[in-house]
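The values are calculated or read from the model by the stated rules, or taken from the named source; none is laboratory data. Quick caveat: nothing in here was measured; it's all calculated off a predicted structure. Here the Cβ is made from the backbone with ideal geometry for all residues, glycine too, and neighbour counts use every protein chain on show.
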Amino acid sequence: MIVFDKVWFSYGLHHVLKDVSFTISENERVAILGESGEGKTTILKLILGLIRPDAGKIIIDGEDISNKSEDELRKVRMKFSIVFQEGALFDSLNVKENVAFCLREYSKLSEDEIDHKVRELLRIVGVEHAIELMPDELSGGMHRRVAIARSLAACEPKMFLYDEATTGLDPVNADIICKLILDLSKNGRGLIIVTHKIFDAVKIAKRFIFLKDGIILFDGDKDDLLHSTIPEIQIYLNEVNFS
Amino acid sequence: MKIKERISELQDFYLLSTRGLLGAVRKPFYFKDMIEQMDYAGAGSFIIIILVSLFIGMALSLQLAAELSSLGLKMYTGKIVGISIIREIGPVAAALVFAGRVGSGMASELGSMILGHQIDSLRVFGVDPIKKLVTPRILSSIVMLPALTIIGDVVSLFGGYYIAVFVSHQSGTFYWSSIRDVLTFENVFAGAAKPFIFGYLIACISCYMGFSTKGGSKGLRTSTTRAVVVSIVMIIVSDFILTRILLYVLGFSV
Ligand SMILES: Nc1ncnc2c1ncn2[C@@H]1O[C@H](COP(=O)(O)OP(=O)(O)OP(=O)(O)O)[C@@H](O)[C@H]1O
Ligand SMILES: [Mg+2]
């Protein structure tokens, strides 16, 4: 459903993506790996049409989105649910209102139903007790989990996108979130997880794309990854062997 | 390159201003956000407008009374205070206060939303940030600044009255009757048309500056400052242009 066709992207003079091509189908579980600053977040933003490529095509469900207007892009974006790297909660709304945001925007649920649904979503991610807190009163991990709960409230996405969902969390919470992510895509919905923690990536994803210097250095499944002889990847693999 | 950037900035500003205004007639409507903005922009600015207007009215009246009494024309104090407050000083003073208080608030709020990726979140949820954030701010400014201006005018006139009667020992009845003479359609229209335009300008400029924030807390500082500075300059420049147009339209001879 997602096709990148020779995509180039740069911030000013800084080329982030150079001729990146890949295809991801609807029910795939993909991890995009790479060092910090290699353009992983940039790829997610391109998929959502938040930024436009300099050259090349990005095709979502057969439609080229690189030249679409904001209005047309809205429909494309509804196919995804994303958790941003920073969580990006609305900091003037409390946890409950953050999670309820999409429900209020798109559904005609009553106040009671919204309250019920919000509590249920927060229970899934395990931060039900924080329902009345403001985002700046949350710890980093709680922030991330509320962001996940909020993304779940979005109307039935076809695919989940996670930007560094487990980075900066303790192993216990990272594991909880990995399980949660897997749970959510149990019914065959695809996901893209962006991370530099290969240990979490192998738990979740089936296919791995490794970015380096703006090009795709590696694209393959778990076995290929674990037996890869590419030096950059081996550094990452040490983390898995160690644990 | 610089010129090209400037032109594309102007184009973005133009798009934001028109789409922000058009959002008022296109679904979805965000009433709650608008009420919240009106409360912040209008009710929140009430006290400061009263304070500023009161002292402007008093100072103006004091200056005029002093100058006019040396010419033996003290009785014109009310008339000149009335005309200058209603046509010129009231709208401009209210707009400057509004730019400083509300414009800076809009720019910094939207700027920090940009920096925290909250605007991206909105876009991902399929919400148009212009409709959700800019339209309520434009509308609340267009409604609230004129209201504040009228309140400010009235308070200024009372300030002028206090000085004229209790300091300069003029007749209070005569002061009010000269104010009433000043309240012609032309004068009131010339004063009342301005704040609508000022409010629109302040909201558009501040939202635009907020949206173009980049570069962390320093960037936020720059965009907030720019919002206030550009608003103030634009208020004063457009005030001159509007005055010229209004005087022409209303048939005053200069
Ligand atoms: N708004 C921006 N303006 C200018 N340059 C940017 C901007 N956002 C990102 N970059 C640059 O683009 C490159 C890729 O950024 P990106 O956020 O995609 O990295 P990433 O792979 O997600 O890194 P991390 O793992 O640290 O999140 C970086 O070198 C960064 O400096
Ligand atoms: Mg990133």
For the subset of the stretch A:98-109 comprising residues that are modelled with pLDDT of 90 or more and more than 11 Å from every other protein chain (Cβ to nearest Cβ), which member is nearest to A:Thr42 (Cα to Cα)? A:Val99
Starting from residues that are within 8 Å of chain B (Cβ to nearest Cβ) and assigned to a loop (DSSP other than H, G, I, E, B), keep the ones in the stretch A:49-84 and report whichever is farthest from A:Arg119 (Cα to Cα). A:Leu50
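With respect to B:Leu157, determine if the residue is part of a helix (DSSP H, G or I) and farther than 21 Å from B:Thr222 by Cβ.
Criteria met by B:Leu157.
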Restricting the stretch A:1-46 to residues that are within 14 Å of another protein chain (Cβ to nearest Cβ) and either at pLDDT below 90 or in contact with a Leu (Cβ under 7 Å, 6 or more places away or on another chain) (or both), which is nearest to ligand 1 (Cβ to nearest atom)? A:Thr42
If you go through A:Leu50, A:Leu33, A:Leu44, the only one that is touching a Ser or Thr at 6+ places or on another chain (Cβ under 7 Å) and within 14 Å of ligand 2 (Cβ to nearest atom) is A:Leu33
Using the structure shown, decide if B:Ser141 is more than 14 Å from chain A (Cβ to nearest Cβ), farther than 24 Å from B:Ser61 by Cβ and either buried (at least 18 other Cβ atoms within 10 Å of the Cβ) or not aliphatic (A, V, I, L, M) (or both). yes
Kindly check whether there is at least one residue in the stretch B:222-231 that is assigned to a helix (DSSP H, G or I), of a type in the set (Ser, Thr, Tyr), in contact with a Gly (Cβ under 8 Å, 6 or more places away or on another chain) and free of Cβ contacts under 8 Å to residues at least 60 places away in the same chain. yes
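Would you confirm, using the coordinates I've provided, whether A:Lys186 is away from chain B (no Cβ under 14 Å), within 14 Å of A:Arg29 (Cβ to Cβ), without any contact (Cβ under 8 Å) to a residue 60 or more places away in the chain and part of a loop (DSSP other than H, G, I, E, B)?
Taking the combined requirement at face value, the residue satisfies it.
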Somewhere in the stretch A:99-117, is a residue of a type in the set (A, V, I, L, M, F, W, C) and within 29 Å of A:Gly37 (Cβ to Cβ)? no
Of (1) in a helix (DSSP H, G or I); (2) surrounded by fewer than 20 Cβ atoms within 10 Å (Cβ to Cβ), B:His169 satisfies all except one. Which? (1)
With A:Leu122, A:Leu89 as the choices, which residue is away from chain B (no Cβ under 13 Å), touching a residue at least 24 places away in the same chain (Cβ under 8 Å) and surrounded by 16 or more Cβ atoms within 10 Å (Cβ to Cβ)? A:Leu122
In the list A:Ile198, A:Ile230, A:Ile216, which residue meets the criterion of being surrounded by 17 or more Cβ atoms within 10 Å (Cβ to Cβ), among the β-branched types (Val, Ile, Thr) and touching a Leu at 6+ places or on another chain (Cβ under 9 Å)? A:Ile198
Across the stretch A:73-104, what is the number of residues that are touching a strand residue (DSSP E or B) at 6+ places or on another chain (Cβ under 8 Å) and away from ligand 2 (no atom under 16 Å from the Cβ)? 4
